[in-house]
Amino acid sequence: MIIDVATDRYQKLFGHHPFATTLFTSAGIPYEAMVAALSDPSAAEGTLNNLLKGELQNQIGTRDFKLGAQYMIHRIVTAAQESIDMGSLGTNGVLRTLDGAIELVMTRFSLQDLMDEEMVAKALIDAAFGAGMKALGALGPVGKVVAAIVGFGVAIGQAWIARQEAAKQSEEQARRAVFAMMPPLQQPSKDTDDYLVNTVLLPILAGGEWTKIFSPRFDSDEWVGVKRKGGYAFAPGKTTQGEDDAGEAVSVFKPGEGLGLLPGMDMITSVVQVSLDPFGPEIARFNADRSYHWPIKREHVVDVGQYYINLGRLGATAWALVAQQEHSLDLYKVHVAALHEKWKRYCGGGIQFLRDNGKAWQEGGSRFDDLRYVYGSAIGCAVGTWQCFLSGGTTYSPKYGRSIPGNPRGEMGQFDGLSREYGCVLHPNQTRATTKGEPCLISLYDSHLRKTLDDLRKRQVHYLRHSLLCAYVRSSWDAFKDDKMMTLLKQMRATLLEHPDRRLVDLADVPMGEMFEGRDWREQLKEKGVQSRPPGLLGLKLSVGTIEPGKEPPPKVEEDPRPMPFAQGKPKRCSPGVCEPSATPVDDGKYIRLAAYLGGTALTSAAGYWLYRQTQARKDSRY
């Protein structure tokens, strides 16, 4: 289903905001301005006052996410009237079963100027927006976003407290304290959060090449370190010239086409910043005596991907559309094999850096005279997983047992034999630890991402065989750049043309201009009796029909339970029928339970939308 911008339907859904003519713009303070205000309060008193108002930051985060989600939907389902060659469109919108869901998500909203935690949760998990996101398969990240929005305000407050404590020593120490928690992004200055949302994410959503969203930010397996004020920064690949906060020339990393969203993990990984003065006392003691405590600690390390706030939250929503929505067209906009290759290289390169550290430490030599290799011990915070737990031995000769899948990234140091003080920052000796001949440190790809991508591929294959989605996808989409997937698509389409369930195909959802075996695909279906708007339950079309009947349910891509950056504690998770309680400060008992509106998992989004409208009508009749 594509919605033409010249139609009444377009005006009804999108007329409340100029989505087609204006860019998405965050209401928040730009990252560089935040850092400047915290670093030098006297130069930006007004900015600082607004920044430290937690309830104002809650309102901004809520507004940005809801409006950003609406921009996403607009890009996915609309086409300009002048797009005469519909076959050149990269998208096919959404299936008409989701028409009601689109209407709910696009509901006009207004927010109070200041919002506490409860108000944030109600605004994002309300009857309309929440029901619409559920029907789109994208409610899962919403609970995480609630906790992340509130947590961001807390993080800003913590940065301010740290700055004020350091200021008791000197203003220079105060600035260093801010940079340690909110370091420069170490990438070209134009690559800001809003810039990437508008020029990369949203244009990608208008087509069928979503693989870039879930690809690494940097196209290399060779991790390198560059100096920056107060420490070092690490990422794979090449560097280019840029400027630091003082306008001085520095080396910055040159990103590739990927946005860095970790598949299934609802967060972006980017440059790893390590903030410890190379001329300070810790490094001096280490240089004087290598047996002294390792100087780099977990508190010195930040993955700056967490500061691409809107990009990360909206990117997580895109992943949910791909991996959680039932009968998802977006599922076929991802080239799984390509993601396997990219993340294996990216993560594997970082682990190799660390293992080379371990080998060099054992052999002695001059490697650690170069501080890049000392500071680079933090790379595991981005791409590593510790798969062991302490089972015995001594301090100098520990024994380990195997823990699957292990503690990834910043979770290292949690009941796994590693120090909480150091966590994912690994002394070279620790990179050599083994249990039963297998290393304790492995790549994030091997521990987590590989399974997620394998499950996604199984889901792609399942729906091609056991639904009618082969009628609705475009063969130009990323999934079909894999020869095996293209062969399966052609096989299923050929079978569908002679299959009795072809009459359950909704011709209105079949992409215009799509070709199959040299002929127009829609015309071939019409010749076989396929029409628009087949009958369905309650007068609504259901996603029924299958090419190869089977009893097995669709393979699941498990939703990662970890919180988004800045969320405090375990996040609220939204399951298929309801937002479940959790250990977050958010009280689910006070909020809408979506099962009352959606009718459980057995109903399609269309039926859920109908039930929602019926419920609203009954409510309205009481007044």
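The values are calculated or read from the model by the stated rules, or taken from the named source; none is laboratory data. As the structure is a computational prediction, the values presented were derived from the model and not from experiment. Positions of Cβ are generated from backbone atoms using ideal geometry, with glycine treated the same way; all protein chains shown enter the neighbour counts. Side chains included, ligands, DNA and RNA excluded: accessible areas come from the protein's heavy atoms. Shrake-Rupley method; radii C 1.70, N 1.55, O 1.52, S 1.80 Å.
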Check: Counting only residues that are over 25 Å from Thr25 (Cα atoms) and open to solvent by 30 Å² or more (accessible area, probe 1.4 Å), which one in region 192-237 is modelled with the lowest pLDDT?
Finding: Lys229
Next item on the list: Taking Glu257 as meeting all but one of (1) farther than 19 Å from Pro183 by Cα; (2) over 17 Å from the mean Cα position of the chain (by Cα); (3) modelled with pLDDT under 95, write down the number of the exception.
Entry: (2)
Next item on the list: Would you be able to say whether some residue in region 300-309 is open to solvent by less than 10 Å² (accessible area, probe 1.4 Å) and assigned to a loop (DSSP other than H, G, I, E, B)?
Entry: yes
Note to self: Against the definition (farther than 24 Å from Phe566 by Cα and not acidic (Asp, Glu)), how does Gln306 come out, yes or no?
What the structure shows: no
Note to self: Restricting to region 1-48, give me the number of residues that are touching a helix residue (DSSP H, G or I) at 6+ places or on another chain (Cβ under 9 Å), free of Cβ contacts under 8 Å to residues at least 40 places away in the same chain and of a type in the set (S, T, N, Q).
What the structure shows: 1
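Considering region 111-132 alone, what residues qualify as being part of a helix (DSSP H, G or I) and either exposed (fewer than 15 other Cβ atoms within 10 Å of the Cβ) or acidic (Asp, Glu) (or both)?
Of everything in region 111-132, those that are part of a helix (DSSP H, G or I) and either exposed (fewer than 15 other Cβ atoms within 10 Å of the Cβ) or acidic (Asp, Glu) (or both) turn out to be Glu117, Glu118.
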Next item on the list: Among what's in region 269-279 and is surrounded by fewer than 23 Cβ atoms within 10 Å (Cβ to Cβ) and out of contact with any Phe, Trp or Tyr (no Cβ under 8 Å at 6 or more places or on another chain), pick the residue that is farthest from Arg228 (Cα to Cα).
Entry: Phe279
Check: Name the residues in region 262-286 that are over 17 Å from Gly350 (Cβ atoms) and without any contact (Cβ under 8 Å) to a residue 60 or more places away in the chain, would you?
Finding: Phe279, Gly280, Pro281, Glu282, Ala284, Arg285
Next item on the list: Exactly one condition in (1) open to solvent by 10 Å² or more (accessible area, probe 1.4 Å); (2) in a loop (DSSP other than H, G, I, E, B) is not met by Arg285; state its number.
Entry: (2)
Note to self: Given the criteria more than 21 Å from Ala316 (Cα to Cα), part of a helix (DSSP H, G or I) and open to solvent by 20 Å² or more (accessible area, probe 1.4 Å), does Asp99 qualify?
What the structure shows: yes
Checklist line | Number of the condition not met by Gln524 [criteria: (1) in contact (Cβ under 8 Å) with a residue 12 or more places away in the chain; (2) closer than 18 Å to Pro549 by Cα; (3) surrounded by fewer than 21 Cβ atoms within 10 Å (Cβ to Cβ)] | finding: (2)
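Residue-by-condition table, conditions (1) modelled with pLDDT of 95 or more; (2) within 27 Å of the chain's Cα centre (by Cα); (3) hydrophobic (A, V, I, L, M, F, W, C):
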position	(1), (2), (3)
Lys451	yes, yes, no
His462	yes, yes, no
Asp478	yes, yes, no
Leu488	yes, no, yes
Leu497	yes, no, yes
Gln524	yes, no, no
Next item on the list: Taking Thr435 as meeting all but one of (1) farther than 22 Å from Gly545 by Cβ; (2) within 27 Å of the chain's Cα centre (by Cα), write down the number of the exception.
Entry: (2)
Check: Residues in region 142-159: is at least one crowded, with 23+ Cβ neighbours inside 10 Å and either touching a strand residue (DSSP E or B) at 6+ places or on another chain (Cβ under 8 Å) or free of Cβ contacts under 8 Å to residues at least 60 places away in the same chain (or both)?
Finding: yes
Margin query: Checking the conditions here, which among Asp330, Asp266 is over 21 Å from Ser447 (Cα atoms), crowded, with 20+ Cβ neighbours inside 10 Å and acidic (Asp, Glu)?
Written below: Asp330
Next item on the list: Could you pull out every one of the helices (runs of 4 or more DSSP H) wholly within region 1-82 that has 1 or more residues that are in contact with a Ser or Thr (Cβ under 9 Å, 6 or more places away or on another chain)?
Entry: 8-14, 31-39, 54-77
Note to self: Name the residue that is nearest to Leu139 (Cα to Cα), counting only residues in region 67-76 that are more than 16 Å from the chain's Cα centre (by Cα) and not hydrophobic (A, V, I, L, M, F, W, C).
What the structure shows: Gln70
Notebook entry, point to check: Name the residues in region 486-501 that are touching a residue at least 40 places away in the same chain (Cβ under 8 Å) and either more than 18 Å from Pro554 (Cβ to Cβ) or open to solvent by less than 10 Å² (accessible area, probe 1.4 Å) (or both), would you?
Noted result: Met492, Thr495, Leu496, His499
Next item on the list: Determine, yes or no, whether His340 is open to solvent by 10 Å² or more (accessible area, probe 1.4 Å), out of contact with any strand residue (DSSP E or B) (no Cβ under 9 Å at 6 or more places or on another chain) and touching a residue at least 40 places away in the same chain (Cβ under 8 Å).
Entry: yes
